Every structure is written in structure tokens, then in C-alpha cells.
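The values are calculated or read from the model by the stated rules, or taken from the named source; none is laboratory data. Computed from a prediction, not measured in an experiment: that's the story for all the values here. Neighbour counts are summed over all protein chains in view; Cβ atoms, including those assigned to glycine, are modelled from backbone coordinates with ideal geometry.
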Amino acid sequence: MPKQTQPSSDMSALEAAIDDASTIYDQFNIKKSDGFPERGMGARAAQAIVSSECWTDANPMLNLSSFVTTFAEPELLKILQDGSFRNFADPDMYPQTKYTEFQCVKWLHDLWNGPKDAEPYGSATIGSSEACMLGGLAHKWNWREAREKAGKDTSKPNMVTGGNVQIVWKKFLRYFDVEPRIVPLKPGNYRLTAEHLDEYVDENTICVVAIAGSTFTGEDDNIQEIHDWLDEYERKTGISIPIHIDGASGGFVNPFLYPDYAWDFRLPRVQSINASGHKFGLVPPGLGWVVFRDRKVFNEKLVFYVNYLGGEAPTATLNFSRSSAQILAQYYLLLRLGREGFTRVMRTTMDHAEYLRERLANSGKFQLMGEKPRIPVVALTLDKSITRYNEFDISNKLREHGWVLSAYSMPPDAQQVNCLRIVVRPHINTTVAEMLAGHIESACDFLEKHGGNATPPDLHSASNTSVAKC
């Protein structure tokens, strides 16, 4: 028989305290053990402890460094609650829940102008990060099969992106052994264009990733120019290279505010698009979508089949068991708002962003970054006349009012430029936008008088860093 260990004196004291605790206040004040809890407590006391430990966290409503949705109607909250215990990986038991995913993919394929004669195909994912990886894997597999069929080397795949990509693409490149071909930014140009593509694209390029709604400045990459350059490249070399659109932020904005703007499947080289349902898709985190131009774009070798949940079901995601709540929530929101409703929501949100851009630029303290932000993002850098404080000082000062605004240095080769970014989400109304602008102006006035002392954080190498707020 193994030797039985004796409970420590601290644990005995904890157990005695729990036994003696007769009210929620007593249990709420019991000192937690450093080890795994041996005894439980009342549900209300446990809830109170969990809640109290989050009291000093930021208020999600005032966290404008993040794109993530922080508001939901009561009806949506009920759907989230009801869907939480449905395992989405089990379509045999929840076939109608699985159907909602297919319906959302079909609607998004239509929203993004997929060909009418194509078979819509895609997947709900855990945020855009998983969606990006599935898109990247599809293009890597297709490139490799084409090379093998032609009897060519398959050992050196690469992907071309701009320096403004979100961190997930750097993860994909490293995790799946794809050479990064990242085109640097430069002061005044913070997006990928066709300039310099000839230095990065070659026969081993699995795809070019272009962004719709940059995390840094809210701009789109010059998607049409990149597309046209790749057309000319194919005419010269015979090599056809697809485009993946990272629409994590812009995928639920561009269709409603700029319906005549060709950024999506209207461009023949665009073979896949991802978007974040939990950003401007208005679903609480975390939900992403990847949609392919046609079923044949997603290689069948990436699909697996399981039968141990009852019946045989295909699975082609990096995750397996997950809640159905966010997928049902997206289905609800597409039904609830429709094209007309989403257009009104995004127009109002963009109006508030444009108000902030204009007011803060007219203050004389800021310069606007980016030529044409297409999403509700305000990207600012301090005017060169401001010398007594920096963007990090403003971000710190605004914390006194509860606001959270991102301050960061831009990626290579524009590291010398700092950015103060405001993500304007649909829950921000006119009064709140005016309040925020006033607090920013007051912070600048205070810092001009007293000076600032904030320094940018020390960063790892550029290959390991990116703006993390998503």
C-alpha cells in the first residue's frame, strides 16, 4: 500500500475555516491555498471571488485598443447561453446547428461576390488566426501538388506579405515551414503595394497575402495593383500565383460601405478570404471565418473523417471540440441585421471615426496616418512640433479616465514612427466620441505643461513581434 500523506497544517486550517464559514462574507475572505483546492465553497462565494479578482481589469467598453465586440443584445446573450453546451464537433447530434455554419459560409460567399456557379466552401474557426492558417495550408498544399505534378522541387515554399500583417501570419510561416517574404514598410507608406514585388515573388510563392483593413492604420493593401502585377507576372513567366485576402477587420466593413469596390472574389486571383466574426461581424469572441472561392480550392487531403461521435463526419479545422455559441450568434446577427442593417451600423461607426480623425487632426497636435482608412480606425502620430511628450505618454494619461488606446512603433522599415490608435466600435455613440476627443485634448494640454516620461517598451526581433491587439 502506498504511504498516505498527511494534510499540511495550512490545509487543515483552511478546511477548518471552510467548515466554520457560515456566510458568503466568511467564505469570500478565506485565504486561498497555493495548492489545488481540497475543499469547495458556496457557488455565490466562488462567483464573488472570481469577479473581485477582475475588478481592476480594464473596462471592455473603454478598451479601444481592441477590435473585439463588447456588446450584445439580450436575445443574443440567450443564444450564446443556449449554444454553449452544444459541441460543434458533433454534427450527428446537432445537425441543424451544423447547418447554420453552412448557411453562414454560403451567405459570406455571396456577400464577397463569389462566382454564382461555384460551390461555396469554408469553415467557422476560433478567430481569424485559425482561418488564416487554414487558408495558408490550402495554398501550400495546392502549390506542392502542382510542383510535384510538374516534377519540380517542393522544398522551398514561400509566402509574400507586407510588413503590416498581423502576427498570425508569422506564426503560420514558422509553424508550417514556409519561408517568410515580408515586404518592409516605409514612413508614409504603411501597406503592401506592387512596388518591390519583383524582389519577393518567384516560382516558390504559394500565395500573396493582401490585407483588407490593416490592424495598424485601417487601410487596405493596394489589392487591385497587386492583382494586376501578378497578372503581368503570369504573362511573362507562365506562373500563376493566387491571392489570399486577410479581411479579419475589413471583411464585414467593405461590402457594406464600399459595395462597388473590388477587393474580393470579383478579382479572379482571390482564392480565399478570412474575416473575424468577433470584430465587425459583431459576435463576442472568438469566431473567425475562412471562405474559399470554390470547393476545389481546399485540398481534399486536408479533410479527415471521424465516426466516433455517431455517424461519419468530415473535419477540416485545426481545432475539434468547441462551443456552438458563437456560430449560432453569427447566424442570428446575419438574420437580425441583414445587408441594410449592417450598412447602417457600419456607416454610423465610420462617421464617429471620421469625426475623431477630423477633430484631432485640427487640434494641430496630430498627423493622420494612412491615405484612406476603410475601417473605423483612427491612426495618429504626433506632429513634429510636439517635443515634450510622446504617444505612449498620451496612452498612459488616458488610463486615468479608464480609456485604453494602443500606442506602438510601426514595423520595419518604419520603426521610427510611433502610432496612437483608436478602434471605433459600434457601441461608441456621438456623446462618447466627443468625450474621448475631449479627454485626448486635455491629456495633451497637461503633458505639454508638465512633460511626459514614457518610453517605448523593449521589443523582441521583428520576426517575433507585431501589433497583438485584435
Matching residues, the stretch 411-432, being surrounded by fewer than 21 Cβ atoms within 10 Å (Cβ to Cβ) and either assigned to a strand (DSSP E or B) or not assigned by TED's automatic domain parsing to the domain that holds residue 384 (or both): 418
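Any residue in the stretch 395-405 that is modelled with pLDDT of 95 or more and closer than 27 Å to residue 256 by Cα? It would help to see each step written out before you state the result.
Residues of the stretch 395-405 modelled with pLDDT of 95 or more: 395-405.
Still in the running and closer than 27 Å to residue 256 by Cα: 405.
Yes: the stretch 395-405 contains one or more residues that are modelled with pLDDT of 95 or more and closer than 27 Å to residue 256 by Cα.
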Can residue 124 be described as in contact (Cβ under 8 Å) with a residue 60 or more places away in the chain and within 22 Å of the chain's Cα centre (by Cα)? yes
What's the total number of residues in the stretch 362-400 that are under 17 Å from residue 439 (Cα atoms), touching a residue at least 24 places away in the same chain (Cβ under 8 Å) and in contact with a Ser or Thr (Cβ under 9 Å, 6 or more places away or on another chain)? 8
Which number in (1) in contact (Cβ under 8 Å) with a residue 12 or more places away in the chain; (2) among the acidic types (Asp, Glu); (3) surrounded by fewer than 24 Cβ atoms within 10 Å (Cβ to Cβ); (4) within 20 Å of residue 201 (Cβ to Cβ) marks the one condition that residue 246 misses? (3)
Within the set of pairs 6 or more residues apart or between chains, which connect a residue that is surrounded by 11 or more Cβ atoms within 10 Å (Cβ to Cβ) inside the stretch 20-44 to a residue that is of a type in the set (D, E, K, R) and at pLDDT below 85 with Cβ atoms less than 8 Å apart? 26/20; 33/10; 38/15; 39/15
With the requirement that a residue be of a type in the set (Gly, Ala, Ser) and surrounded by fewer than 24 Cβ atoms within 10 Å (Cβ to Cβ), what does the stretch 179-226 give you? 188, 194
Just checking, which of 222, 204 is closer than 28 Å to residue 145 by Cα and not basic (Lys, Arg)? 204
Can you confirm whether residue 152 is among the charged types (D, E, K, R), within 21 Å of residue 265 (Cβ to Cβ) and touching a residue at least 24 places away in the same chain (Cβ under 8 Å)? no
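Can we say residue 78 is part of a helix (DSSP H, G or I), closer than 28 Å to residue 299 by Cα and among the basic types (Lys, Arg)?
On the way: part of a helix (DSSP H, G or I): yes; closer than 28 Å to residue 299 by Cα: no; among the basic types (Lys, Arg): yes.
Considered against the rule, which asks whether it is part of a helix (DSSP H, G or I), closer than 28 Å to residue 299 by Cα and among the basic types (Lys, Arg), residue 78 comes out as no.
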Of the residues 368, 335, 356, which single one is exposed (fewer than 14 other Cβ atoms within 10 Å of the Cβ) and either more than 22 Å from the chain's Cα centre (by Cα) or not small (Gly, Ala, Ser) (or both)? 335
List the residue pairs whose Cβ atoms are under 6 Å apart, where the first residue sits in the stretch 173-198 and is within 27 Å of residue 372 (Cα to Cα) and at pLDDT 95 or above, the second is of a type outside the set (A, V, I, L, M) and not in a loop (DSSP other than H, G, I, E, B), and the two are 6 or more positions apart or on different chains. 181/158; 182/161; 183/162; 192/162; 193/225; 194/225; 194/229; 197/229
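Within the stretch 372-394, can you find the residues that are within 20 Å of residue 352 (Cβ to Cβ) and either crowded, with 18+ Cβ neighbours inside 10 Å or of a type in the set (A, V, I, L, M, F, W, C) (or both)? Don't jump to the end; show me each part of the working.
The initial filter retains those residues of the stretch 372-394 that are within 20 Å of residue 352 (Cβ to Cβ), namely 372-380, 394.
The answer is 373, 374, 375, 376, 377, 378, 379, 380, 394.
Which one is nearest to residue 277 (Cα to Cα), of the residues in the stretch 428-470 that are among the charged types (D, E, K, R) and modelled with pLDDT of 95 or more?
In the first step, residues of the stretch 428-470 are kept if they are among the charged types (D, E, K, R); the result is 434, 441, 445, 448-449, 458, 469.
When the remaining residues are screened for being modelled with pLDDT of 95 or more, the result is 434, 441, 445, 448-449.
On the way: 434: 28, 441: 33, 445: 38, 448: 40, 449: 43 Å.
Looking at residues that are among the charged types (D, E, K, R) and modelled with pLDDT of 95 or more, I get 434.
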